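Peer 1: The structure's right below; bear with me while I get my questions together.
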Amino acid sequence: MEKTIVVLPGDGIGPEVTREAVRLLETVGERFGHTFHFAYAKLGGVAIDETGTPLPEETLKACLESDAVLLGAVGGPKWDRLPGPQRPEAGLLALRKALGVFANLRPITVYPPLASASTLKPEVVDGVDFVIVRELTGGLYFGPKERRKGDHGIEVSDTLVYSEQEIERILRLAFELARQRRGHLTSVDKANVLESSRVWREIAERLAPEYPDVQLTHLLVDNAAMQLVKNPRQFDVIVTENMFGDILSDEAAMITGSIGLLPSASLGSGGPGLYEPIHGSAPDIAGKGLANPLATFASVAMMLDYGFGLGAEAEAVRQAIARTLAEGWRTADIAAGGPALSTEQMGETVRNALR
Ligand SMILES: NC(=O)C1=CN([C@@H]2O[C@H](COP(=O)(O)OP(=O)(O)OC[C@H]3O[C@@H](n4cnc5c(N)ncnc54)[C@H](O)[C@@H]3O)[C@@H](O)[C@H]2O)C=CC1
Ligand SMILES: CC(C)CC(=O)C(=O)O
Ligand SMILES: [Mg+2]
C-alpha cells in the first residue's frame, strides 16, 4: 500500500513526538511492505512566525489532498497575547472545520502495567476501556463570539450553536460505535440549564429506537466529571459537545496515568482524517526530551486502522506499545520518580518491539 501523510509538527513538544511517530510509521512500512510518503507543512505558532497566519493556504491544500494528517500540537506562551482569530489554536480549529472532521474519537484505555501510575486506586482503574466521542466542528468553540464596550465595562459573549443535523450525525456515529462495542452509550449534556443540551437530548431520544441494541443513558456534565473518577469502568461510549468533550478527556487522562498516553482520531464524511494526541504543546517540557510519544504512537495506530484499513498493522503498533510498557520502560511522566527514557529512547524501544 502507498499513502501520503501530511505531518504537521506544530509547536512545543509537537516536533519531538511527531519525529518519533514518523520513524514508527517507517518501521511499520518496512515490516509490512507499505510505502508512506511524508509531506511536512506548518500549522500554529511556527506558521504564524513564518507566514503571519496559523493555517497557511498551502498547508490546508496539502492536508485536503493527503490520505491522512498527523499533528503534534500547537500553541505556546510566545503567541498567547495575539487576538483570538490570529492565535495558533485558531489555525487548528479552522483546519478541523475545513477537513470536516466532526467526530473526535478519544479512547481511554488503561494499560495493565500502568494501573499503579493512575491517580486513582488500581482496583478502580483496572479494566477501564471506553471512548469519548467529542463533537469537534461545532458547539461553543465555533459559535459567534463578541467583545464590545458596555455600560459596565467590556461585555463579552461566546455562543454555543448547533444545528439539528450536526447533533444527529455525531449521535448516530456514537450509537454505531456503541453497537460495535459493549452496547452502552452515555450522552453527556447540561440539559438542566442549556437549551442546546435539551435539543441534544430530544434528538438522542428520537434516534434511540433505531438502535434497540444500544442502552442510552443521559448524564449531566458535572455529574459525568465526578463519575469519571468515581467509577470509570461504568462507561463504554460517551458522546458530548465540543468543549465538554475537551475537558472530560483531559480529566480521563489521569485515569490512565498520563495525558501523554491518550490518542485521538478526528473523522468526518470520508475525506482525510486528522490524527493527534489529545495533549497540547506542553511548553513546560518542550525541547528537553521529556515528552511521552506514546499518545502520538497510539494515534498512528488509529490512522492505520480508521484511515487506511490496516487492522493488523494497527494492532502490531498497539502490541509494541503494550510490550514496551510490560517490560517496564517508562518516560518521566509515568515513571513515578524512577528511571525514565527520553522521547527518542522510548521511540526506539517501541520500534524495536515492533520489529
Ligand atoms: N491539540 C492541540 O494542539 C492542543 C494545544 N494546546 C495548547 O498547548 C499549550 C499548552 O497547553 P497546556 O494547558 O499546558 O496543556 P498541555 O496538554 O500542553 O500540557 C498539560 C500538562 O501535561 C503535560 N504533558 C502534555 N503532554 C505530555 C506528554 N506527551 N508527555 C509528558 N507530559 C505531557 C505538560 O508537561 C503539562 O504539564 C497551549 O497553548 C494550549 O492552547 C492545548 C491542548 C491541545
Ligand atoms: C485548540 C483546542 C481546542 C485544542 C484542545 O484542547 C483539544 O483539541 O483538545
Ligand atoms: Mg484539549
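The values are calculated or read from the model by the stated rules, or taken from the named source; none is laboratory data. Keep in mind it's a predicted model, so treat the numbers as computed, not measured. Neighbour counts run over all protein chains shown; Cβ positions are idealised from the backbone, glycine included.
Peer 1: Can you tell me which residue within the stretch 119-150, out of those that are among the acidic types (Asp, Glu) and at pLDDT 95 or above, is farthest from ARG233 (Cα to Cα)?
Peer 2: GLU146
So that you can scan it fast, the table gives a plain yes or no per residue for (1) within 16 Å of ligand 3 (Cβ to nearest atom); (2) touching a residue at least 12 places away in the same chain (Cβ under 8 Å); (3) in contact with a Pro (Cβ under 6 Å, 6 or more places away or on another chain); (4) under 28 Å from GLN165 (Cβ atoms):
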position: LEU248; (1), (2), (3), (4): yes, yes, no, yes
position: GLY270; (1), (2), (3), (4): no, no, no, yes
position: LEU290; (1), (2), (3), (4): no, yes, no, no
position: PRO293; (1), (2), (3), (4): no, yes, no, no
position: GLY307; (1), (2), (3), (4): no, yes, no, yes
position: ALA312; (1), (2), (3), (4): no, yes, no, no
position: ARG318; (1), (2), (3), (4): no, yes, no, no
position: THR324; (1), (2), (3), (4): no, yes, no, no
position: GLU344; (1), (2), (3), (4): no, yes, no, no
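Peer 1: Sort through THR53, THR59 and tell me the only one that's assigned by TED's automatic domain parsing to the domain that holds PRO77, in a loop (DSSP other than H, G, I, E, B) and more than 18 Å from ALA291 (Cα to Cα).
Peer 2: Only one candidate qualifies: THR53.
Peer 1: Additional query: Name the residue that is farthest from ligand 1 (Cβ to nearest atom), counting only residues in the stretch 250-262 that are of a type outside the set (Val, Ile, Thr) and surrounded by fewer than 24 Cβ atoms within 10 Å (Cβ to Cβ).
Peer 2: The selected residue is GLU251.
Peer 1: Taking SER281 and the conditions (1) touching a residue at least 60 places away in the same chain (Cβ under 8 Å); (2) within 16 Å of ligand 1 (Cβ to nearest atom); (3) in the same structural domain as ARG172 (by TED's automatic domain parsing), which numbered condition does it fall short on, given that it satisfies the others?
Peer 2: (3)
Peer 1: On to the next question. Please go through (1) more than 15 Å from ligand 1 (Cβ to nearest atom); (2) within 17 Å of SER118 (Cα to Cα); (3) crowded, with 16+ Cβ neighbours inside 10 Å for LYS230 and return the number of the only condition it doesn't satisfy.
Peer 2: So LYS230 meets the others, but not (3).
Peer 1: Moving on. Within the group ALA68, ALA39, ALA21, which residue is surrounded by fewer than 20 Cβ atoms within 10 Å (Cβ to Cβ) and among the small types (Gly, Ala, Ser)?
Peer 2: The conditions single out ALA39.
Peer 1: How many residues does the stretch 153-177 hold that are in a strand (DSSP E or B) and small (Gly, Ala, Ser)?
Peer 2: Within the stretch 153-177, residues that are in a strand (DSSP E or B) and small (Gly, Ala, Ser) number 2.
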